[in-house]
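Worksheet: one structure, shown below.
The values are calculated or read from the model by the stated rules, or taken from the named source; none is laboratory data. All values derive from a computational prediction rather than experimental measurement. Neighbour counts run over all protein chains shown; Cβ positions are idealised from the backbone, glycine included. The accessibility values were calculated without ligands, DNA or RNA, using every heavy atom of the protein model including side chains. Shrake-Rupley method; radii C 1.70, N 1.55, O 1.52, S 1.80 Å.
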Amino acid sequence: MSNINIKSPEVQIREVRLGSIIGFEGTAGELVRCARAGNLQDKSRSFSQCMGCSSRNAFCQLSMIKDAVVINHAPVGCSGDFFGFNFTYRVGQMERNLPPAIGRYFNTNIEEKDTIFGATQKLEATIREVYSRLKPNAVFITTSCASSIIGDDVESVANNLTDELGIPVVACFCEGFRSKIWTTGFDSAYHSIVRKIVKPPRKKSNKVNIINFWGSHIFDELLKPLGYEPNYIVPFSTIADLEYISEAAATIQICPTLGTYFGAALEEIYGVPEIKAPPAYGISGTDDWMRELGKVLGRQEEVEKIIVKEHIRVIPILEEYRDKFNGKTAYVTAGASHGHALIALLRELGLSVQGAAIFHHDPVYDNGEPDSDTLLHTINTYGDVHNYNVCNKQAFELVNILNRIRPDIMIARHGGMTLWGAKLGIPTLLIGDEQFGFGYQGVLNYAERILETLDNREFVSNLAKHSSMPYTKWWLDQSPFSFLGGNVHVEVY
Ligand code: SF4
């Protein structure tokens, strides 16, 4: 049965919908086998150092719709992430030559007395005030633990204010305590867009939806010769852009961890075909992805020509990099699908991947297609990954592991993780633009940055000499998985 129900105000959380987990240690092959057999269990931690919040992930997608506003119905502390996304928004404007505009984010400041008497009146007043000041084309309300615990009827407020103001006022249910998997917040944001913003198609267009964060526009060059036009969603789009993404010829996901729900919903509800092959990271992965793109867009011949041309251009350069990286070791820490992509990239470049700390694991994506599994694709193409840890940014586990294996380089996807490698004197590379490693050129892009990082060890060496670790020798001598529960998995074959 489908998990996509736009009549429901709330999206089902990933634990329930996909069986996602945040705790595992073993090999990547074991993880995939258990997931396939349907007997993967979350290994709960008896100690947890930190936790993410779905509200942040929902906000990261909604906060950069250029003509919308976001109202966080929450105590003011839940809005601590506003400034970071406003920074990203401003940088993205400069990169796109857009006029400078500050993010339009508000908070209803739920206080103690509101938790007794309810805060819906405060929410209504905030929406009216925001509308009178800014005249946005849509208002998104992101919920919080507090608004949910006190049972505020946010959906009714949103529906009433939609009628009153004549613009979509949309509730996005993303309170942190609903889900241990913070990427549920992406699904919440997309659910609110699909159920309240997207309209049925009037005709088919030549646009291709690109579900991404705020990465570079690499798809312009790929799609134009094929007769198609990219439509980058959701950051930096407008409400009008989003209304007719139902008319697109296809949907590309830069990362299924991000777009699994959105891609599947657009296909299921509006018939927009999703490119289901794992995203194009590494040569073999790019070949497979390009062929599926060609099939869906009816451009197989053109795509085969591109593949041949790109192999001739890229592979000789790649061989040179492989010689340089021969014998080098790497460790990866990243979100799920992008982490799998980074493992593929590193192995394509000839580095030995000693292990990975990946933030969560989705045993299946919303399209239900087994071949979409990015981890399985990486294993099938490059072999199993040992020391594969599903770890939701628990730094104490990561530091313990890094201290033991001491790779030549750590590749990280999130800013807060890089310092742990650097403090240990391990050169650490973070690339925020997930499109940077995509496709044939992406392999070479990464190769160059890895080479630069390996050639510049002095900074991290000095940092390691002059910094201290919060973790004691006692902890570093323990198994990194001392706090990871025992209910692992059952081997089936
Ligand atoms: S919604 Fe809940 S988990 Fe998220 S920031 Fe607010 S209080 Fe914390």
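Assorted remarks:
- Each residue of the stretch 316-328 was assigned a 3J(HN,Hα) from its phi angle through the Karplus curve 6.51 cos²θ - 1.76 cosθ + 1.60 (θ = phi - 60°); the sequence is x, 5, 4, 4, 5, 5, 4, 4, 5, 8, 4, x, 7 Hz, with glycine and proline shown as x.
- Residue separation of T329 and E111 scaled by 0.36 nm, minus their Cα-Cα distance, works out to 73.4 nm of gained length.
- Longest exposed-site-free window of the chain, the sites being trypsin sites (Lys or Arg not before Pro) in a DSSP loop that have at most 15 other C-beta atoms within 10 Å: 205-456
- Restraint check, K43/K423; K135/K196; K135/K203, Cα-Cα greater than 21 Å: K43/K423; K135/K203
- Restricting attention to the chain, close to 15% of DSSP beta bridges with both partner residues there are antiparallel.
- Spin-label model, N456/Q121: points 7 Å from Cα along the beta carbon direction are separated by 5.7 nm.
- Normalised by 2.2 N^0.38 Å, with N the number of residues, the alpha-carbon radius of gyration of the stretch 34-112 equals 1.52.
- Taking a straight line from the alpha carbon of K113, these lysines sit under 23 Å away, with near neighbours fewer than eight places off in the same chain left out: K122.
- Inter-probe distance in nm under a simple model that places probes 7 Å from Cα toward Cβ, at K204 and E319: 4.2 nm
- Using a probe of 1.4 angstrom and keeping all protein chains present, the accessible surface of the stretch 51-196 works out to 41 square angstrom per residue.
- Two-site FRET efficiency, K135 against E448, from Cβ-Cβ distance with R₀ of 51 Å, rounded to 0.05: 0.65
- The stretch 41-130: chymotrypsin sites (Phe, Trp or Tyr not before Pro) in DSSP loop, at most 13 other beta carbons within 10 Å: F47
- Nonlocal amide H pairs with N72, under 5 Å, H built at 1.01 Å: F106, N107, T108, T142
- Take the Cβ atoms of K465 and H414, set R0 to 35 Å, and the FRET efficiency comes out at 0.85.
- By the rule of a C-alpha distance below 18 Å, with chain neighbours fewer than 8 residues away ignored, the aspartates and glutamates paired with K204 are E229, D241, E243, E247, E267, E268, E274.
- For the chain, the calculated P(r), taken from all Cα-Cα distances in 20 Å bins from zero up to the bin holding the longest distance, is 23, 56, 21, 0 percent.
- Helix-only CD estimate at 222 nm, as mean residue ellipticity for the chain, using -39500 (n - 2.57) per DSSP H run (n ≥ 4): -13500 deg cm²/dmol
- The modelled label-to-label distance between S44 and T27, using points 7 Å beyond Cα along the C-beta direction, is 3.0 nm.
- Around the amide H of I210, modelled in the peptide plane, lie the amide H atoms of N231, Y232, I233, I252, all under 5 Å away and 5 or more residues distant in sequence or on another chain.
- Square roots of 5 times each gyration tensor eigenvalue, C-alpha, the stretch 207-286, largest first, Å: 18, 15, 13
- Carbon plus sulfur fraction of accessible area for the stretch 53-149, probe 1.4 Å, in percent: 58 percent
- Per-residue HN-Hα couplings for the stretch 404-410 [Karplus 6.51, -1.76, 1.60; θ = phi - 60°; Hz; x = Gly/Pro]: 7, 8, 6, x, 5, 8, 10
- A Stokes-Einstein calculation at 37 °C with viscosity 0.692 mPa s, built on the Kirkwood radius of the stretch 297-477 over Cα pairs, returns a diffusion coefficient of 188 µm²/s.
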